[in-house]
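Okay, so here's the structure we're looking at.
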Amino acid sequence: MSRREMREQLFKLLFRVEFNPREELAQQEAFFFEDEENSMAFGENAQISGKFNKIIDKLDGIDTALNEKVQGWNTGRMGKVDLTILRLAVYEIMYDEDIPTSVAINEAVELAKKFGQDSSPSFVNGVLAKFA
């Protein structure tokens, strides 16, 4: 599985944060990997799960950073798809030293094109440019 495909799976898993209390995220994670559409090799599941849990641990800091960078917006007003994409990208920019900032931004824009609204790619790119 390519990094892009793994990032897409991670996005789908991270999207569940918006609809479930944090206490239930472990159960949601198990449900996610039980789904035939999301079944992968064990090593890939472990890699996605590990990164998901790292993002959850840093989620409050990521949201604070987003709220500080965007003017006229906050995480409560953002669309759930855009917010999830931004959380993933901001995690990669701030905490994942293996991923260059430009790659994190580009991949976030690609996710926005695939899953977001027409305005999502430009919104995501504009927000993430403030982190670059």
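The values are calculated or read from the model by the stated rules, or taken from the named source; none is laboratory data. All figures in this text were calculated on a predicted structure; none of them were measured in a lab. Neighbour counts run over all protein chains shown; Cβ positions are idealised from the backbone, glycine included. Note: accessible area is taken over every heavy atom of the protein model, side chains too, but ligands, DNA and RNA are not part of it. Shrake-Rupley method; radii C 1.70, N 1.55, O 1.52, S 1.80 Å.
Once you list every other residue whose beta carbon is under 13 Å from the beta carbon of PHE11, what net charge do they have if Lys and Arg are +1 and Asp and Glu are -1?
Details: positive: ARG3, ARG4, ARG7, LYS12, ARG16, LYS51, LYS80, ARG87, LYS113, LYS114; negative: GLU5, GLU8, GLU18, ASP82, GLU92, GLU107, GLU110.
Neighbour charge sum, excluding PHE11 itself: +3.
Count the net charge of all other residues whose Cβ sits under 14 Å from the Cβ of GLY126, scoring Lys and Arg as +1 and Asp and Glu as -1. Walk me through the numbers on the way to the answer.
Values: positive: LYS69, LYS130; negative: ASP82.
Spelling it out: positives minus negatives among the neighbours equals +1.
Can you send over the carbon and sulfur percentage of the accessible area for the chain, probe radius 1.4 Å, protein chains only? Before the final figure, lay out each step's value.
Numbers: 3340 of 7190 Å².
Roughly 46 percent, rounded to a whole number.
Among PHE115, VAL17, ALA129, whose Cα projects farthest towards the positive end of the dipole of the chain, with charges put on the beta-carbon of Lys, Arg (+1) and Asp, Glu (-1)?
Going by the Cα projections, it comes out as ALA129.
Once you put a point 7 Å from the Cα of GLN28 and another 7 Å from the Cα of LYS58, both along the Cβ direction, what distance in nm separates them?
Reported label-point gap for GLN28 and LYS58 is 1.9 nm.
Can you send over the solvent-accessible area of VAL17, 1.4 Å probe, protein chains only, in Å² to the nearest 10?
Answer for VAL17: close to 20 Å² accessible.
Looking at ILE55, VAL90, ALA30, which one has the Cα that reaches farthest to the positive end of the dipole of the chain (charges on Cβ: Lys, Arg +1; Asp, Glu -1)?
The residue sitting most towards the positive pole is VAL90.
With +1 on each Lys and Arg Cβ and -1 on each Asp and Glu Cβ, how big is the dipole of the chain about its Cα centre, in debye rounded to the nearest 20?
For the chain, the charge dipole is close to 480 debye.
Can you give the accessible area of SER2, probe radius 1.4 Å, in Å² rounded to 10?
50
Lysine pairs in the chain with alpha-carbon atoms under 15 Å apart, 8 or more places apart or on different chains: how many are there?
7
Before anything else, pin down the relative contact order of region 3-132: Cα pairs under 8 Å, at least 6 apart, normalised by residue count, whole percent. Show your work: numbers first, answer last.
Values: 100 pairs, mean separation 29.4, N = 130.
Value for region 3-132: 23 percent.
Where in region 43-59 does the amide nitrogen come within less than 14 Å of the point 7 Å from the Cα of MET94, taken along Cα to Cβ?
Once the point is set 7 Å along Cα→Cβ of MET94, 54-59 turn out to lie under 14 Å by backbone N, inside region 43-59.
Determine the per residue accessible area of the chain with all protein chains present and a 1.4 angstrom probe, expressed in square angstrom.
Working: 7190 Å² over 132 residues.
Spelled out: the 1.4 Å probe surface of the chain, per residue, equals 54 Å².
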